Amino acid sequence: MKQSRFFLIVVFYVLLLPAVCLAMKETDHDHDNCDHGLQEVQEPDKHDVHGKHGDTDIKHKEGVSHDDHEQEAAVVLTDRAVEFAGLTIDVVNKKSIGRSIELPGEIGFNEDRLTQITPRYPGIVKKVAKKLGETIQKGELIAVVESNESLTAYTISSPISGKIVGKNVTQGEFVGEDATLFIIADLATVWVNCDVYAKDADIVEKGLEILITAVGTDRQVKTTLSYVAPVYNTTTRSMIARAVIPNTDGKWRPGTFITGKISVSTEKPVLVVSQNAVQILDGETVVFVPSEHKNGFEPVVVQKGVENNRHVEILSRLAEGDTYVATGAFELKAKIVTSTLGGHAGHGH
């Protein structure tokens, strides 16, 4: 009986042992795989985040100061993307840069040739010799007034030649010494009064050439500024720049709205880039320059000076001979902006 029980135990272990060994081997294999997997899965580098955007690799770098804005994003394109964006590279060089300033304004009387007629003595108007709008010559009779004190009549004559543009008198009425009977203007010349605001105040000066255009017409005349006010008008917060223009045909009527266009240029050549190269990125003025990577570009924060519709003066960060993206800068900016938006959306920000 004991021998039979022993025999059964031996048979059980003989049959069971291979299965136990196989199970233990598979368990060890799973542990090895698990260890291997732990070695392969690593925490991503938080300081080197790459965002793929089509044919573009946008590299965002953290921990960068506001002054080093150009290091916040670099754009790397494929050859196909460069061609598609139409990117061209140019060189920073020096030019005398000019620009135009447009000033609003109005035609006014030449106040040096404008006179107001008042009586010498108070009295009764006995005669009114001229009507509103009439032309009058210097020394020509304009009115007769009887003095209240002497009861004798005296004449009033025009001190200048011109047109009667104001009339405030009728025959038979009493007029005092401070009454304005007529306003006479010599309209052979008129004033052009332009409003100059603070942004252009340091540029506009006496002697500059100005092109005057009557608003709503094609009437133009070119002249020079004869006067620039030294103070601001406290109501409009602007100063007056004035020119005197001929008006022999009478078509430059006082009260006409005009636009004055002044072209100015830098006194000496300055560093410039093309107008399309300058972009606004995160509130900063930037120019894209080639980076150390093939087809790589990065924004450089710059300070602008004088500009026109073709060129922009660069006051900082770029030097003569530096290369920059002349066309296609907007496309580079767009890729950075859209990549940033996409990255925020993907992380739930």
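The trypsin sites (Lys or Arg not before Pro) of region 160-211 meeting both criteria, a DSSP state outside H, G, I, E and B (loop) and at most 15 other C-beta atoms within 10 angstrom of the site's C-beta, are Lys206. At a 1.4 Å probe, what is the % contribution of carbon and sulfur to the accessible area of region 155-261? That share works out to 51 percent. Computed with a 1.4 Å probe over protein heavy atoms only, the accessible surface of region 175-249 comes to 55 Å² per residue.
Using a cut-off of 32 Å between Cα atoms, the listed pairs Lys268/Lys335; Lys126/Lys163; Lys130/Lys206; Lys130/Lys251; Lys94/Lys222 include Lys268/Lys335; Lys130/Lys206 as exceeding that distance.
Would you give the gap between the C-alpha center of region 138-153 and the C-alpha center of region 184-223, rounded to a whole Å? Answer, in whole Å: 40. Neighbours of Glu106 by Cβ distance under 14 Å: Lys/Arg scored +1, Asp/Glu scored -1, total 0.
Of the GluC sites (Glu not before Pro) found in region 275-316, the ones in coil according to DSSP and having at most 13 other Cβ atoms within 10 Å of their Cβ are Glu292.
Summing charges over all other residues whose Cβ lies under 10 Å from the Cβ of Leu211, with Lys and Arg as +1 and Asp and Glu as -1, gives 0. Under the combined filter of DSSP loop state and at most 15 neighbouring Cβ atoms within 10 Å, region 100-153 retains these GluC sites (Glu not before Pro): Glu134, Glu140, Glu149.
Counted by Cβ distance under 12 Å from Lys163, the other residues give a net charge of +3, where Lys and Arg count +1 and Asp and Glu count -1.
The values are calculated or read from the model by the stated rules, or taken from the named source; none is laboratory data. Model, not experiment: these values are computed from the prediction. Cβ atoms come from the backbone with ideal geometry, glycine included; neighbour counts cover every protein chain shown. SASA here: full protein model, heavy atoms, side chains in, ligands and nucleic acids out. Shrake-Rupley method; radii C 1.70, N 1.55, O 1.52, S 1.80 Å.
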